[in-house]
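J.: Mind having a look at this structure? Questions to follow.
None of the figures in this text is laboratory data; all of them are computed from the coordinates on show. Here the structure is a predicted model, which means the values were calculated and not measured. So basically every Cβ, Gly included, is an ideal-geometry build from the backbone, and we count neighbours across all protein chains shown.
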Amino acid sequence: MNGPQGLKGLTKKSVLIRSDLIWLGLSKMELKRHGTFRHCIETIQVLLSQGCSVRVLFAIGNPFLPNSSVCMRTVCQALATALECPVDYVPVSELAKKELKLGSIQLTDDACISEGEKNVSQRLVQQWLQKIDAIVLVSLNNWDTHYASTKGLKNSGVPLYLGKSLQSFDYWIKTLPGKKIGLLLGGSQVASQLDLAKGLSSNLAYVGLGHVFLSACFSEHVFDALFDQSVVDALNQLSLDKKNVLYPYEVVVYDEALCRSRICVIHDIGPNEQVKDICLRTVDQIIDRIKEDVDVVICAGVLGQYSDPRFARGTDLVLQALAQSKSETVLVGKDIISAAVLLGLSDQFDYLIEGTEVERALISGVVSEDSCVI
């Protein structure tokens, strides 16, 4: 087996499923509605229909942020209810003693709050892989090498398979070059966002801009003149290539010296003011384009300084519009995914993508040989 494959080759095997519910503090009811949880359920059902035994390894919190995880026993109960069959919770320390019978389901300790998540612990990986014949990856989030447990599992030598959601993504990304795309660029990772626009340029119908891009184009408060000029040049090139770049009507700016925010037109930004968010007229412009007949709308990053609630409104309004779109919808990056989670909209989008190799594949439009998406 040369790389990740579908599930057809798994019959009467003992399988470890690696998934995650990262950034979430979910109640049991919210857990059942969450997209990643549903994808995991669908994959387990396929495996059970093939006579497999299943061990599930969920990452459900951030090891560096306390009180951010769901209780494992809550997840265990939710799995049992959704699957309508028993699910056995087994602490990782007891895996070696516990038999994994064909047709049975086990849930073991959370990868993300364990010490093994902070550095690759071969001992911990070996415990997870007790009596396991194959590994199935379910989530798009952080599924390449961002987390130590995922990296350890990939390097274990145990055959690797793709769950239903990743099989679907594998097919989708190969069809992307033939689709008409709307792209919203936000967040602070401007270089990679511009690479994304360049990689998809032949299929772009329009490009909407978040606050960092607008600062580079219009603000007199310059941090790096070379950076600003490279952004302007890249966007000008898209315009020359007859791509519709949605320059804004109005923005929200903030003057740190005066501790004052205000709404202004783009050419009225003062020398000490920084662009912090897109304004309602700009949001309406983007929403009008979202309603256009495109195949896919990709939102790569938040459109304002989302960490400050005063500047989150633009992103929230755009996400709410995207959640109602008839087009396929894709969120790229943990900041925009987190924003969707906070709004309770994460299960309304077709794909949530956060992982270096997956993002690279999306940017290039071509799946590289060393990528896990093959």
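J.: For the range 312-328, just list the computed ³J(HN,Hα) in residue order, Karplus coefficients 6.51, -1.76 and 1.60, θ = phi - 60°, integers in Hz, with x standing in for Gly and Pro.
T.: Whole-Hz 3J(HN,Hα) from phi for the range 312-328: 9, 5, x, 4, 4, 5, 5, 4, 4, 5, 4, 5, 9, 5, 7, 6, 5.
J.: Another question about this same structure. Let's test the formula: R0 of 35 Å, r as the Cβ-Cβ distance of Ala80 and Asp195. What FRET efficiency results, to the nearest 0.05? Present the calculation step by step, with values, prior to reporting the outcome.
T.: Values: r = 44 Å, r/R0 = 1.25.
The computed FRET efficiency comes out at 0.20.
J.: With each pseudo-label sitting 7 Å past Cα toward Cβ, what's the Ser93-Trp172 distance in nm, one decimal?
T.: 4.1
J.: How many percent of DSSP beta bridges within the range 179-343 run antiparallel, rounded to 5? Numbers along the way, then the final one.
T.: Numbers: 11 of 29 bridges.
If I count the DSSP bridges inside the range 179-343, around 40 percent turn out antiparallel.
J.: In terms of modelled amide H atoms, which long-range or inter-chain residues lie less than 5 Å from the amide H of Leu184?
T.: When sequence neighbours closer than 5 places are left aside, the close amide H contacts are Gly208, Ile298, Cys299, Ala300.
J.: Could you tell me the extents of the range 227-334's C-alpha atoms along the three principal axes, largest first, rounded to whole Å?
T.: 45, 32, 25
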